[in-house]
1. Would you mind counting up the charge near A:PHE123? Only other residues with Cβ under 12 Å from its Cβ, with Lys and Arg at +1 and Asp and Glu at -1.
2. Shape call for chain B from the C-alpha gyration tensor, a ≥ b ≥ c root eigenvalues: rounded (a/c under 1.5), prolate (a/b greater than b/c) or oblate?
3. Using 1/(1 + (r/R0)^6) with R0 = 30 angstrom and r between the beta carbons of B:ILE23 and B:ASP81, what's the FRET efficiency to the nearest 0.05?
4. In the neighborhood of B:LYS75, defined by Cβ-to-Cβ distances under 14 Å, what is the net charge if each Lys or Arg adds +1 and each Asp or Glu adds -1?
5. For region B:53-68 and region A:1-77, what is the separation of their C-alpha centers, rounded to whole Å?
6. What FRET efficiency, computed as 1/(1 + (r/R0)^6) with R0 = 22 Å and r the Cβ-Cβ distance, is obtained for B:LYS6 and B:GLU53, rounded to the nearest 0.05?
7. Select from A:PHE46, A:ASN122, A:VAL26 the residue farthest towards the positive end of the dipole of chain A; place +1 on Cβ of Lys and Arg, -1 on Cβ of Asp and Glu, and compute about the Cα centre.
8. Is it possible to state the helix-based mean residue ellipticity at 222 nm for chain A, with each DSSP H run of 4+ residues giving -39500 (n - 2.57), the sum divided by total residues, to the nearest 500 deg cm²/dmol? What is it?
Protein chains: 2
Amino acid sequence: MKLTSKGRYAVMALVDLARFNNINPVSLRDISLRQGISLDYLEQIFSKLRKKEIVQSVRGTQGGYILNRKAKEIKLTNIFDAVDEKVKTVQCKKDSKKGCNGRSTKCLTHNLWDELENHINNFFEEKSLEDLIKDNIERRV
Amino acid sequence: MKLTSKGRYAVMALVDLARFNNINPVSLRDISLRQGISLDYLEQIFSKLRKKEIVQSVRGTQGGYILNRKAKEIKLTNIFDAVDEKVKTVQCKKDSKKGCNGRSTKCLTHNLWDELENHINNFFEEKSLEDLIKDNIERRV
DNA sequence: TAGATACTTGACTATTTTAGTCAGGTTTAT
DNA sequence: ATAAACCTGACTAAAATAGTCAAGTATCTA
C-alpha cells in the first residue's frame, strides 16, 4: 500500500507554490529546483491541477502558476483527485467477476475494505493546504 | 494508493479460516475454492503467515492450517506485516538522496506523510480478526 | 521585433511491481 | 502404497510507475 510519486509530488509542489506565492506567479522551474522534481514531470502534474482549477497559469516571461483558490479551500482530496491518485482497496466495484460475486461465502471482508477506504479518505478530506503550511511554520518556530 | 491482492487475500483467507476452523484444520484447497484464490498463490501467502506464527500447519492427509493465536489477538497489522504489505508514503527513510535531504526548503511535507502513515497504521492496529468475524455475523442477522 | 522565459501537449519508454504459474518436492493418515 | 495436503523456489506476463523527449504556443522585456 503506497502513495505514488505523482500524488506526493503534487502536494509537495503545491505547498511550495503556496509558500512562495506572494505577488508573482511561481515558475515550475523554481519548484523543480527547490523540490528536486523533474521539470517535465511537474508539467504533467500541473496540467492536471490546472484542468481541475486548483491552479491558474500565467504564460510568458515572469509567468508561472498561482493558486486558484484559497489554501484553506484546497483539500488533499482535491489534489489527489486531480492527479488520479485514488484509494483502492478492492476490485469488486469495477469488475464484478473478481472479488465478491458468485462465491459461496460471498465477500466476507467487503465491509472492511469499505471502512478502510473511508478511513483514509477522511484524512484527505480534512487536511487543507493551509493546514500544511501552518504546520510547517509552527515547526520552524 | 492501493492495497495489493496479497494483503487482501491474506485477510480474506484468514477470515475464512477462522470461520471454518472448528476442530479440524482447514485445507488451502477449501479456502481456494470458497474464496476464489489460486491454490499456488495461497501457498505462498500461508508460508509467510506460518513463518510469522499467525497460523500453524498440519501436514498429511486431512491436514491444513489452524490459527496459532486467538482471533482477538491477530490484528490486521500482524497480517499485513507477515505478507510484506507495508504502508509507504515516501522514500525518505530508506533512500536519503531522494525526498528530503539536501534541498533548500527541506521536506516541507515530511510531517504530513508521517501523519498519514500513522493514520492508516492505527486502523490496522485496532482491527482484529475477531472484529471482522463478529462484524460479518452481525450483518447476516 | 527578436529572443528568452515559461507554459502546453502528446507520445514514448525503461524499470519495477504485481499477481500470479509451474515444477518438483516432503509429510502423514488411511 | 497412495492420495491428500503442505512446502519451496524459480520463473514470467502484464500492468503500473516514473519519468523522458520533442515540438510546439504565449507573453514579457530590451
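The numbers here are math on the coordinates, done by the rules we state, and not lab data. Bear in mind that the values here come from a model prediction, so they are computed numbers and not experimental data. Reconstructed Cβ throughout: ideal geometry from the backbone, glycine too, with neighbour counts over all protein chains shown.
1. Numbers: positive: A:LYS75, A:LYS127; negative: A:GLU117, A:GLU125, A:GLU126, A:ASP131, B:GLU115, B:GLU117.
In short, -4.
2. Working: a/c = 2.93, a/b = 2.08, b/c = 1.41.
Cα axes put chain B in the prolate bin.
3. Numbers: r = 29 Å, r/R0 = 0.96.
The computed FRET efficiency comes out at 0.55.
4. Working: positive: B:LYS52, B:ARG69, B:LYS70, B:LYS72, B:LYS127; negative: B:GLU53, B:GLU73, B:ASP81, B:GLU85, B:GLU125, B:GLU126, B:GLU130, B:ASP131.
Local charge sum for B:LYS75: -3.
5. The two parts, judged by their Cα centres, are 53 Å apart.
6. Details: r = 18 Å, r/R0 = 0.84.
For R0 = 22 Å, the calculated efficiency reads 0.75.
7. Final value for the positive-end residue is A:PHE46.
8. Details: 6 runs with 73 residues, N = 141.
Computed ellipticity for chain A at 222 nm equals -16000 deg cm²/dmol.
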